[in-house]
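Trainee: For reference, the structure I am asking about is given below.
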Amino acid sequence: MIGRKPLPITNRVSAYRDQHGGMSQAALAEAIGVSRQTVVAIEKGHYSPSLETAFRIARLFGVGVEDVFGWDEA
(Lines give C-alpha, C1' and ligand atoms only; values in the text may rest on other atoms or scores of the structure.)
Protein backbone atom coordinates (compact mmCIF):
# COMPACT_ATOMS: atom_id res chain seq x y z
CA MET A 1 0.00 0.00 0.00
CA ILE A 2 2.61 2.47 -1.11
CA GLY A 3 1.61 6.08 -0.67
CA ARG A 4 -1.56 5.33 1.24
CA LYS A 5 -2.16 7.77 4.07
CA PRO A 6 -3.22 6.17 7.38
CA LEU A 7 -6.70 6.97 8.63
CA PRO A 8 -7.12 9.47 11.47
CA ILE A 9 -8.36 6.64 13.71
CA THR A 10 -5.58 5.55 16.06
CA ASN A 11 -5.57 2.32 17.99
CA ARG A 12 -3.80 0.36 20.69
CA VAL A 13 -4.93 -3.09 19.53
CA SER A 14 -1.39 -4.46 19.31
CA ALA A 15 -0.54 -3.15 22.79
CA TYR A 16 -3.65 -4.77 24.26
CA ARG A 17 -2.83 -8.05 22.52
CA ASP A 18 0.62 -7.92 24.11
CA GLN A 19 -0.87 -7.16 27.54
CA HIS A 20 -3.14 -10.18 27.22
CA GLY A 21 -0.49 -12.85 27.06
CA GLY A 22 0.83 -11.98 23.63
CA MET A 23 -2.45 -12.87 21.94
CA SER A 24 -1.88 -13.52 18.25
CA GLN A 25 -3.63 -11.59 15.53
CA ALA A 26 -5.26 -14.85 14.45
CA ALA A 27 -6.60 -15.52 17.95
CA LEU A 28 -8.02 -11.99 18.19
CA ALA A 29 -9.58 -12.32 14.75
CA GLU A 30 -11.25 -15.60 15.68
CA ALA A 31 -12.53 -14.19 18.98
CA ILE A 32 -14.19 -11.19 17.34
CA GLY A 33 -15.33 -12.88 14.12
CA VAL A 34 -13.12 -11.25 11.49
CA SER A 35 -10.16 -12.37 9.38
CA ARG A 36 -6.56 -12.04 10.52
CA GLN A 37 -6.02 -9.70 7.56
CA THR A 38 -8.70 -7.40 8.98
CA VAL A 39 -6.89 -7.27 12.33
CA VAL A 40 -3.62 -6.49 10.52
CA ALA A 41 -5.29 -3.66 8.56
CA ILE A 42 -6.85 -2.22 11.73
CA GLU A 43 -3.53 -2.29 13.60
CA LYS A 44 -1.72 -0.61 10.70
CA GLY A 45 -4.36 2.12 10.50
CA HIS A 46 -5.44 1.16 6.99
CA TYR A 47 -8.95 0.14 8.00
CA SER A 48 -11.41 1.57 10.51
CA PRO A 49 -13.38 -1.19 12.21
CA SER A 50 -17.14 -1.14 12.29
CA LEU A 51 -18.64 0.06 15.54
CA GLU A 52 -19.62 -3.52 16.33
CA THR A 53 -16.07 -4.76 15.77
CA ALA A 54 -14.63 -1.93 17.87
CA PHE A 55 -16.94 -2.87 20.75
CA ARG A 56 -16.06 -6.55 20.40
CA ILE A 57 -12.34 -5.73 20.61
CA ALA A 58 -12.79 -3.45 23.62
CA ARG A 59 -15.01 -5.92 25.48
CA LEU A 60 -12.61 -8.78 24.82
CA PHE A 61 -9.88 -6.77 26.55
CA GLY A 62 -12.22 -5.54 29.30
CA VAL A 63 -11.82 -1.85 28.48
CA GLY A 64 -13.82 0.94 26.88
CA VAL A 65 -13.79 1.63 23.15
CA GLU A 66 -11.96 4.92 23.73
CA ASP A 67 -9.20 3.06 25.57
CA VAL A 68 -8.49 1.12 22.38
CA PHE A 69 -9.39 3.64 19.67
CA GLY A 70 -8.82 7.35 19.34
CA TRP A 71 -9.11 10.15 16.83
CA ASP A 72 -5.94 11.86 15.62
CA GLU A 73 -6.96 15.33 14.46
CA ALA A 74 -3.42 16.25 13.37
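The values are calculated or read from the model by the stated rules, or taken from the named source; none is laboratory data. Because the structure is a prediction, the values reported are computed rather than measured. Virtual Cβ from ideal backbone geometry, glycine too; neighbours counted across all protein chains shown.
Trainee: For region 38-53, indicate whether the set of residues that are at pLDDT below 95, touching a strand residue (DSSP E or B) at 6+ places or on another chain (Cβ under 7 Å) and among the charged types (D, E, K, R) is non-empty.
Mentor: Within region 38-53 (the criterion being at pLDDT below 95, touching a strand residue (DSSP E or B) at 6+ places or on another chain (Cβ under 7 Å) and among the charged types (D, E, K, R)), the answer is no, since none of the residues qualifies.
Trainee: Find the residue count for region 29-56, including only residues that are closer than 18 Å to Thr10 by Cα and of a type in the set (A, V, I, L, M, F, W, C).
Mentor: 7
Trainee: Could you please find all residues in region 32-66 being among the small types (Gly, Ala, Ser), in contact (Cβ under 8 Å) with a residue 12 or more places away in the chain and assigned to a loop (DSSP other than H, G, I, E, B)?
Mentor: Gly33, Gly45, Ser48
Trainee: Residues of region 5-31 being charged (D, E, K, R) and either in a helix (DSSP H, G or I) or surrounded by fewer than 15 Cβ atoms within 10 Å (Cβ to Cβ) (or both), which ones?
Mentor: Listed by number, the residues that qualify are Lys5, Arg17, Asp18, Glu30.
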